[in-house]
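Peer 1: Dumping the structure here so I can ask a few things about it.
The values are calculated or read from the model by the stated rules, or taken from the named source; none is laboratory data. Note that the structure is predicted; figures quoted are calculated from it, not measured. Glycine also receives a Cβ, built like all others from the backbone with ideal geometry; neighbour counts cover every protein chain displayed.
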Amino acid sequence: MIRRIFDAAFLLIFCTVAWLDRSYLGTANRWDFAPAADQIKVSGLPLESFFQQKATPPPLADRAVTGEPLVAGGKLFESGIGVHADSVLRFKTAGAFRRFRSTIGITGEAAGLGSVQFTVLADGEALYTSPVFHQSGDYQHIDIDIGAAILVELRVNDGGDGTRYDHGAWIDPEFIPR
C-alpha cells in the first residue's frame, strides 16, 4: 500500500514538473507558433501534456525510451519520440494543421519481447489504430487526415498483454500545415 502511494506521488510530481518544464521534448516556452514550413516536426510544437504508465524514464526526443538510438526494423532513425506503453502525448495544434505523418513501431532494444499498439486521436476522436506490433522489425508509415483539430493525442498501449518491454516510437513525426 505504501509503495502504491509512493508510486502515485512520484508520478504526480514527475508529470507536474515535466509539464511545467517540457524541455525534455524541446518544446519549452513554445506556446505561440505559426506554421511557416511545408512540415512541422512534432518536437517544435507545444506539448499540452503527457502521461506514461512507467514514470521512468520519460518519453525521450530522438532516442528510444531507454536512451538508446531509435532503431526499428534494423534501421537507425535520427528523429522521433521514444515512449513506454501505456503513454499519451497531447499536442495543442490549434486547427493549424491538416495531416499527421509518422513511422510507428516497436524499438529494437525491446529485443522482440514487447508488444505495442498506436492510436492517433483528434479532439477525442480515434482516427487511426494500428495493428499490434510484436517484433522489433515491425514498423509502418502512417499519414492521417486530422482535419482542423485543436488537440491531437498520440497514444501507445500495451497490445493487451501487459507493459513489460513495451517500447514504442513515433519516428519522424510531423504535422502538415493547412
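Peer 1: I want to confirm something. Restricting to region 74-97 and keeping residues that are out of contact with any Asp or Glu (no Cβ under 7 Å at 6 or more places or on another chain) and in a loop (DSSP other than H, G, I, E, B), which single residue is nearest to Gly114 (Cα to Cα)?
Peer 2: That would be Gly74.
Peer 1: Scan region 128-138 and give yes if some residue there is without any contact (Cβ under 8 Å) to a residue 12 or more places away in the chain and either under 16 Å from the mean Cα position of the chain (by Cα) or on the phi < 0 side of the Ramachandran plot (or both), otherwise no.
Peer 2: Among the residues of region 128-138, not one is without any contact (Cβ under 8 Å) to a residue 12 or more places away in the chain and either under 16 Å from the mean Cα position of the chain (by Cα) or on the phi < 0 side of the Ramachandran plot (or both), which makes the answer no.
Peer 1: Using beta carbons and a limit of 9 Å, which pairs, at least six apart or on different chains, have the first residue in region 156-168 and touching a residue at least 40 places away in the same chain (Cβ under 8 Å) and within 15 Å of Gln135 (Cβ to Cβ) and the second one assigned to a loop (DSSP other than H, G, I, E, B) and basic (Lys, Arg)?
Peer 2: Matching pairs, first to second residue: Asp166/Lys54.
Peer 1: Shifting gears a bit: Out of curiosity, is Phe133 farther than 19 Å from Ala94 by Cα, crowded, with 20+ Cβ neighbours inside 10 Å and touching a Ser or Thr at 6+ places or on another chain (Cβ under 8 Å)?
Peer 2: Judged against the criteria, Phe133 is a match.
Peer 1: A further question on this structure: Within the group Glu109, Glu125, which residue is charged (D, E, K, R) and either crowded, with 20+ Cβ neighbours inside 10 Å or closer than 18 Å to Pro57 by Cα (or both)?
Peer 2: It is Glu109.
Peer 1: Related question: Just for region 58-73: of the residues that are in a strand (DSSP E or B) and in contact (Cβ under 8 Å) with a residue 60 or more places away in the chain, which one is surrounded by the fewest Cβ atoms within 10 Å (Cβ to Cβ)?
Peer 2: Val71
Peer 1: Can you find a residue that is touching a residue at least 40 places away in the same chain (Cβ under 8 Å), closer than 15 Å to Phe50 by Cα and within 15 Å of the chain's Cα centre (by Cα) anywhere in region 103-110?
Peer 2: no
Peer 1: Any idea which of (1) at pLDDT 90 or above; (2) of a type in the set (Phe, Trp, Tyr); (3) touching a Ser or Thr at 6+ places or on another chain (Cβ under 7 Å) is the one Phe100 doesn't satisfy?
Peer 2: All conditions pass for Phe100, except number (3).
Peer 1: Something else about it: What is the residue count in region 152-166 for residues that are crowded, with 17+ Cβ neighbours inside 10 Å and either farther than 20 Å from Arg90 by Cβ or touching a Lys or Arg at 6+ places or on another chain (Cβ under 7 Å) (or both)?
Peer 2: Of the residues in that region, 4 qualify.
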